[in-house]
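These notes concern the structure reproduced below.
What follows is calculated from the coordinates using simple rules that are stated; it is not laboratory data. As the structure is a computational prediction, the values presented were derived from the model and not from experiment. Glycine also receives a Cβ, built like all others from the backbone with ideal geometry; neighbour counts cover every protein chain displayed.
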């Protein structure tokens, strides 16, 4: 499929690159870094030793992490790889 001035397959490459970037961003957000905390950063309850060993760098207790994972987060709808027209919403 021709896409104007772009070469064949360019649109699919853009879509695949966008998906790959989003997956990297999501995976980086899930990986804790640094030293584990003894107490939860949100509720200040103790974090069990088994959790700290299983997830080095953990900052939240199980309840706070589950609550945060379940929360819906809205992100801006900026299409960096698309045309100017696709950004006009």
*With a Förster radius of 41 Å, plug the Cβ-Cβ distance of residue 41 and residue 10 into 1/(1 + (r/R0)^6) and report the FRET value to the nearest 0.05.*
0.40
*Run the numbers on the range 10-71 and let me know its relative contact order in percent, using alpha-carbon pairs under 8 Å that are six or more apart.*
29 percent
*Roughly how large, in nm² to one decimal, is the mean projection of the convex hull of the alpha-carbon atoms in the range 10-71?*
5.2 nm²
